[in-house]
Amino acid sequence: MSNVKFRSAAHRDFFLEMMSRSKVNDTYHRAFFYVMGISEETRANINQMFDFKTDCIKPEGMHGGWQTSGTVRVCHLAFNLWNGYTEKEHGQDFTPPDELFCCGYAPYFMEGIKMRYPEYCRDLSAPKRQTEHSR
C-alpha cells in the first residue's frame, strides 16, 4: 500500500476508514473504496452507493441529484470493478475507455484497476537486451 498514489490526504483517509468499516479486505473492496474515494462528492455520498450491512453496492445511487459527469464516471468504474456491473440502459456509455477515462481522474482510475487486478498489473522490468550468439 505504500506505493499507492492517492489524489489527496482526504482520499487516503477515506480509503483507510472504509477498509476498516468493511467486513472483508480483498481486491474487490480495496478497488471499490479506492475509486469511490477519488471524488469529494462520492466520498460524501458513500452510504447512497454502498450498503455496509449487506456488503453490496447500491446501483440506485447512480441516479442521485448530486451526481455529475465526473462522479458518474467514478461510480461506473467502481461498480464495474466490484462485480462487472453496468447499467443496462447506459451500459455502453461508460465501457469504452474514451468515455470513461476522458477526465482528470484517469491516473487514479488506473490505480484502482491495479488494486483490483494486482496479478496482471505488476511492474514490468525492462526487457533484457539480446546478446549476439557466437556462430
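Couple of notes before you dig in:
- PHE50 long-range amide H proximity, modeled H, under 5 Å: LYS58
- Whether region 9-116 is rounded, prolate or oblate, judged on the alpha carbon gyration tensor where a/c under 1.5 counts as rounded: rounded
- Full-extension gain in nm, HIS63 to TYR28, via 0.36 nm per residue minus C-alpha separation: 10.3 nm
- Rounded to whole numbers, the Karplus 3J(HN,Hα) couplings from phi for region 41-48 are 5, 6, 4, 5, 10, 4, 6, 7 Hz, using 6.51 cos²θ - 1.76 cosθ + 1.60 with θ = phi - 60°, and x at Gly and Pro.
- Relative exposure of SER8, SER39, judged by other C-beta atoms within 10 Å (fewest first): SER8, SER39
Laboratory data are not the source of any read-out in this text; all were calculated from the coordinates shown. The shown structure was predicted, so the numbers you read here are calculated from the model rather than taken from an experiment. Virtual Cβ from ideal backbone geometry, glycine too; neighbours counted across all protein chains shown.
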